[in-house]
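These notes are about the structure you will find just below.
The values are calculated or read from the model by the stated rules, or taken from the named source; none is laboratory data. A quick note: this is a predicted structure, and the numbers were derived from the prediction, not measured. In this analysis, Cβ positions are derived from the backbone assuming ideal geometry, glycine residues included, and neighbour counts consider all displayed protein chains.
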Amino acid sequence: MSSDIIRTMPEPLHPSPVKVRVLAAAMTVLAAIVYCSRLDVAPVYLTKDEASYGIQAHAIATSGRDINGRRLPLFFQESGFSIGRDPIYIYASAAVLKFVPLSEGALRIPTTLAAAISVGLVVLIAYELYGSISVAAVAGLLLACTPVFFIRSRAALSVILPVPFQLIWLLLMVRYGRSGRLRQLLGATAALGVGMYSYLSMLFFVPFHMLFTVAEALRQRRWRHAGLAIATLIILLVPLAWWQATHPGRVGDIASSYRIYPPELTPLQGVKDVLSWSSLSRRSDIYWNAFNPSKLFFAGESGPVDSTRSAGLLPVVYLVLLPLGLYHYLTKAVTLPRLAIVALIIIGPVPGVLVGEDTIGRYLVAAPATALLAAGVLQSLWRSRYWLLKAAAVGAVALSIYLFGGFYRHYMTDWRIDSAPYFGGNIKGAMETVLTSTPAPAGLVLLSERIPYVSTYWEFYRRKHNRADLVGRDRGLRATDSEWQTAPPGSFAIVRAREDPSREALQAAGWVVVADIYEFYGGPPTFVVLARS
């Protein structure tokens, strides 16, 4: 687009940037307080992936090596996940574990802090876009009150970690568009390069961001800047390129792990499969469902792990604010950064579409992008000469805060009960019964193979309780095996309370029930701990 179509934004005059930085810092702290509250309470249990991340982070924190013995690897490979877990989250968690013991809450600190930092960055970006400290505060507040951003920040997973890097890029690109300073362009590009190691979806987003980066440099006719930006990104991607070269099967492993195309196909055959008519038809349905208003504004994700089902993914007031914001951005305030914000919303679902999912977890950057759009509309309403529109702006902000308060209360109470079975139930209670038993286990620890990912959970809780004496003493348990029959006295077993033939077999052989394990809200037992005397 020519420079007469894409305009440069005017410099805001008030207030002083110092006040903006203070506001951003204050809102970051407040968001951290809210987002980090009761991390060990909700979610009540860990998912398997959270436990896997925790194991790797603890290994790095205690030995400087991953669970396979490799010193400070770039990616963290493990059985069943050969592509490797993203490094930034694991190293950040390892840094936290240098100061606090391993626990569920400790693992969630890096992700909640990433969300809080994102709130502060949105404040800075909104000020650069709109030149108003009040609007900047509203933008940060709207992001903090976004249900999906809150709930995803409290999962010890790397899906939220690209967001701060993407926002740093956007902030510096807005400033570069105004000042033309090379250091801002290189800083934006460096954020993208480092962000590549935060989450796999950045493989899709970084080229998109770089397209706008180069376009802005060329709009200003700064050809050298464009070249230096590309060179900066290439340098930062050298470690990734080296890893790919030394692990040539990674492309196929990614396609297999994320079900992009059937694993028996070659990459070229896989591309053909993705572009087939049936594939495009199915993926187009997934794409459009990503913008389903019911999901976005009322019901949330279908799975109770990722949604309370009592609120949408975004504040309900966005149902009106987002269409108005899109219209305003595309007709009255066209700039490259604003086009980038709109494009992030429109193309955001694509990484999920590629793997057959419409979950917003693949593109959480949509949360700050929509907050920025909504804040711009609220500024226009407030500047209107009609008092009814001013009242509507105030009411939209007040309603967002009020509804988030209800969502927060539900999240901390009823949602914990509703979601507990989907997190696997109280396997934590069963394992900690064994790990804290008196006398300590003197034999084997047998883990029923009817419990999903039971060995991963055992390794996490063994590390949490510093039980190095139990390394290598756990075994899988099936009723048809013979090892449990010859297990020495002092051995323990963890089985399901119902529909697990291992329990009947062990009790028939003289194993004694030590504890029935209940959920925190009561109900029938879900696991049973047995011991051999």
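Restricting the first member to the stretch 287-310 and to residues that are on the phi > 0 side of the Ramachandran plot and in the same structural domain as Phe407 (by TED's automatic domain parsing), and the second to residues that are surrounded by 15 or more Cβ atoms within 10 Å (Cβ to Cβ) and hydroxyl-bearing (Ser, Thr, Tyr), the beta-carbon pairs closer than 6 Å and six or more apart or on different chains are Gly300/Ser307. Considering Arg282, Arg250, the condition of being surrounded by 12 or more Cβ atoms within 10 Å (Cβ to Cβ) and touching a strand residue (DSSP E or B) at 6+ places or on another chain (Cβ under 9 Å) is satisfied by Arg250 alone. When the stretch 169-226 is examined, which residues are found to be aliphatic (A, V, I, L, M) and more than 19 Å from Val365 (Cβ to Cβ)? Result: Leu182, Leu185, Leu186, Val214, Ala217, Leu218, Ala226.
Within the stretch 435-483, restricting attention to residues that are touching a residue at least 60 places away in the same chain (Cβ under 8 Å) and assigned to a helix (DSSP H, G or I), the residue that is farthest from Gly80 (Cα to Cα) is Lys464.
For the stretch 345-387, filtered to residues that are part of a helix (DSSP H, G or I) and of a type in the set (D, E, K, R), the residue that is modelled with the highest pLDDT is Arg383.
Report, by residue number, each residue of the stretch 430-461 that is surrounded by 21 or more Cβ atoms within 10 Å (Cβ to Cβ), in contact with a strand residue (DSSP E or B) (Cβ under 7 Å, 6 or more places away or on another chain) and not hydrophobic (A, V, I, L, M, F, W, C). Ser448 - this is the single residue of the stretch 430-461 that is surrounded by 21 or more Cβ atoms within 10 Å (Cβ to Cβ), in contact with a strand residue (DSSP E or B) (Cβ under 7 Å, 6 or more places away or on another chain) and not hydrophobic (A, V, I, L, M, F, W, C). When Ile117, Ile151, Ile133 are checked against the criterion of being aliphatic (A, V, I, L, M) and over 14 Å from Val34 (Cα atoms), Ile133 stands alone in meeting it. Within the stretch 117-156, the only residue that satisfies the criterion of being polar (S, T, N, Q), surrounded by fewer than 23 Cβ atoms within 10 Å (Cβ to Cβ) and part of a loop (DSSP other than H, G, I, E, B) is Ser132.
The set of residues in the stretch 501-531 being in a loop (DSSP other than H, G, I, E, B) and surrounded by fewer than 21 Cβ atoms within 10 Å (Cβ to Cβ) consists of Ala509, Gly510, Phe520, Tyr521.
With respect to the conditions (1) surrounded by 12 or more Cβ atoms within 10 Å (Cβ to Cβ); (2) over 21 Å from the mean Cα position of the chain (by Cα), Ala299 falls short on a single one, namely (2). Restricting Tyr386, Tyr402, Tyr411 to residues that are within 30 Å of Ala136 (Cα to Cα), crowded, with 18+ Cβ neighbours inside 10 Å and hydroxyl-bearing (Ser, Thr, Tyr) narrows the list to Tyr411. Residue pairs whose Cβ atoms lie under 8 Å apart, separated by 6 or more positions or on different chains, with the first residue in the stretch 31-60 and closer than 21 Å to Tyr411 by Cβ and modelled with pLDDT of 95 or more and the second crowded, with 23+ Cβ neighbours inside 10 Å and of a type in the set (S, T, N, Q), are Ala32/Thr112; Tyr35/Thr112; Tyr35/Ser153; Cys36/Thr112.
When Pro162, Pro101 are checked against the criterion of being touching a residue at least 40 places away in the same chain (Cβ under 8 Å) and within 22 Å of Phe208 (Cβ to Cβ), Pro162 stands alone in meeting it. Considering the stretch 391-415, and only residues there that are among the β-branched types (Val, Ile, Thr) and in a helix (DSSP H, G or I), the residue that is farthest from Ala42 (Cα to Cα) turns out to be Val394. Within the stretch 169-201, the set of residues being among the aromatic types (Phe, Trp, Tyr) and either under 14 Å from Leu240 (Cα atoms) or without any contact (Cβ under 8 Å) to a residue 40 or more places away in the chain (or both) comprises Tyr197, Tyr199.
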